[in-house]
Amino acid sequence: MRYISTRGHAPALGFSDTLLAGLASDGGLYVPERWPVLPGVRPGASYASVAAGVVGAFAGDDLEPELLERLCREAYGSFRHPAVCPLVQLDADEWLLELFHGPTLAFKDLALQLVGRLFEHVLSERDERITVLVATSGDTGSAAISGLASCSRAQIIVLYPDGRVSDVQRRQMTTVDAPNVHCVAVEGTFDDCQGIVKELFADAALRERAGLAAMNSINWARIAAQVAYYAWATASLGDRGLVFAVPTGNFGNVLSGWVARASGMPLERLVIGSNANDILPRLLESGRLETRGVVPTLSPSMDIQISSNLERLLFELYGRDPERTASELASFAQAGSLSLDATAHAAVRELFEAATLDDEATLEAMRAEYHRSGTLLDPHTAVGLTAGRRRKAARDTPLVALATAHPAKFPEAVERATGISPALPPALSDLHERPEHTERAPAETDAVRRLVERIAAS
Ligand SMILES: *Cc1c(COP(=O)(O)O)cnc(C)c1O
């Protein structure tokens with residue numbers, strides 16, 4: 001299986017090289033040259049074995065099936081729930097797919113527990129070292145740190161927007177006391193952090209010197225690993241096409257649903273749940289992608305305007321034409337807006353729809369669901385579930401809402417909505433007593449470049 005860049009000017013790579021490369025050298029994102037056919041799911045198969053099959057389809061000859069089975073068993077063995085991501089029935093035709101039973105309480109663990117182990121494997125085979133550079137809106141940082149806990153060959157630098165992540169999110173990163181972990185509070189927004197990461201990746205000399213690698217969803221391995229839970233839910237509910245509701249920020253999670261369908265899985269519809277940072281719902285409505293300022297909300301992991309994975313979708317919508325993708329994205333970067341043509345607009349609306357919930361609607365949804373079923377939803381999950389319930393198409397098709405965070409990760413919002421303060425799982429119960437380690441940086445690429453150089457050389 002070969003991977004090509006959405007911008008057409010980087011070498012095609014195999015799965016392991018794509019894993020290490022992250023962003024393509026021309027600034028594009030890697031996508032498979034052609035879509036694989038996903039293997040069928042054996043009845044009664046464990047989550048780890050479903051994931052090994054799915055990731056294996058994307059890895060091609062690069063990784064042995066037995067190796068992938070072992071890495072998946074180890075990765076998902078760290079989860080608190082024996083089913084890894086249980087489906088919890090909420091109503092006759094409605095399920096929550098709980099993706100928050102991993103070590104850091106958000107769905108990012110599903111991909112990053114495996115990606116960290118893939119890094120360790122490939123790096124030790126090649127006897128190489130890397131510096132992982134991550135921008136986080138809150139949850140990727142801790143999940144990446146945890147995924148790399150056993151990887152002695154990686155330094156990890158996490159950029160997070162100062163004051164814009166929750167207390168629990170920040171502490172899950174800054175209380176990890178390990179010599180290879182470096183947390184940086186950036187004086188700006190998540191989009192600033194992500195912009196800096198992209199600029200540093202575009203610096204070929206730095207990239208080479210520091211061995212920069214990515215664990216953001218620009219890394220294809222992460223998208224591939226996430227396809228597994230769409231396959232798992234679909235097989236668990238009788239192999240029929242479902243509607244998935246996905247609280248969306250950087251478009252990585254929902255893109256994996258799109259990839260699942262492109263790779264032959266039945267899937268009726270993807271409903272994007274958005275908070276007040278509603279660039280994606282506006283895109284679906286009007287065909288125009290247009291940024292506005294980022295506003296902080298109760299669902300901070302979705303406080304994003306520039307969803308980097310949209311590039312992978314645009315590439316497909318433009319008939320896999322890299323020149324067109326590159327030029328449209330260049331003018332988007334300049335003008336702050338981009339218009340889909342009628343064909344592309346119709347094609348996205350055929351599969352996706354979206355709904356927006358402001359903070360008040362999010363709290364109301366959390367409160368109502370608690371009173372209806374006793375279920376505590378985190379604010380992100382509440383946005384997704386409610387968007388799914390509001391869908392206009394495929395109303396007779398069962399709904400699976402992706403529960404992307406444990407309610408205890410956002411206790412203030414949960415308590416405001418329901419009066420209940422959810423407890424952290426035992427492994428994290430002393431989180432608020434642990435000392436924090438962090439440094440600060442202005443939202444300037446050069447300042448962060450110096451920091452990366454220093455850490456990579458250490
Ligand atoms: C990261 C995150 C999201 C957004 O996922 P994307 O892949 O960035 O769209 C939603 N909810 C939670 C809890 C998250 O951590």
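Laboratory data are not the source of any read-out in this text; all were calculated from the coordinates shown. Please read these numbers as outputs of a predicted model, since none were measured by experiment. In this analysis, Cβ positions are derived from the backbone assuming ideal geometry, glycine residues included, and neighbour counts consider all displayed protein chains.
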| task | Identify all lysines with a Cα-Cα distance to K198 below 21 Å; exclude those on the same chain that are fewer than 8 residues away in sequence. | result | K108
| request: Sorted from largest down, give the three principal axis spans of the alpha carbons of segment 338-424, whole angstrom values. | output: 48, 32, 21
| field | Length gained when the stretch H9-S429 is fully extended (0.36 nm per residue, less Cα-Cα span) | value | 146.3 nm
| request: Any chance you could run the full-extension gain for A347 through R240? It's 0.36 nm times the residue separation minus the Cα-Cα distance, nm to one decimal. | output: 36.3 nm
| note | Dividing the helical contributions, -39500 (n - 2.57) per DSSP H run of n ≥ 4, by the residues of the chain yields a 222 nm value, nearest 500 deg cm²/dmol, of -13500 deg cm²/dmol
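If you count the DSSP beta bridges with both ends in segment 1-160, what percent of them are antiparallel, to the nearest 5?
60 percent
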| said: Using a Förster radius of 25 Å, what is the FRET efficiency between E125 and T438 based on their Cβ-Cβ separation? Nearest 0.05, please. | reply: 0.15
| Where labels lie 7 Å past Cα in the beta-carbon direction, separation of T291 and A83 in nm | 4.1 nm
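Under a Cβ-Cβ cut-off of 11 Å, what is the net charge of the residues other than R2 that fall near it, where Lys and Arg count +1 and Asp and Glu count -1?
Within the 11 Å Cβ shell, the charges total -3.
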| message | I need the P(r) histogram for the chain: all alpha carbon pairs, bin width 10 Å from 0 out to the longest distance, whole percents. | response | 4, 22, 35, 29, 10, 1
| query | Roughly what % antiparallel, to the nearest 5, for the DSSP beta bridges in segment 252-391? | reply | 40 percent
| Additional length obtainable on full extension of the chain from R2 to E415, 0.36 nm per residue less Cα span | 143.9 nm
| field | DSSP bridge pairs, the chain: antiparallel proportion in percent, nearest 5 | value | 25 percent
| task | Calculate the length of the line joining the C-alpha centroid of segment 158-201 to that of segment 390-430, in whole Å. | result | 23 Å
| request: Determine, at each q value in 0.16, 0.17 (inverse angstroms), the log₁₀ of I(q)/I(0) that the Debye formula gives when each Cα of segment 304-458 is one equal point scatterer. | output: -1.08, -1.09
| message | Take D26 and K392, extend 7 Å from each Cα along the Cα→Cβ direction, and tell me the distance between the two endpoints in nm. | response | 3.7 nm
| task | Using a Förster distance of 35 angstrom, determine the FRET efficiency expected from the C-beta separation of A330 and D358, and round it to 0.05. | result | 0.60
| Separation between the D203 and D93 pseudo-spin-labels, each 7 Å from Cα along Cα→Cβ, expressed in nm? | 5.4 nm
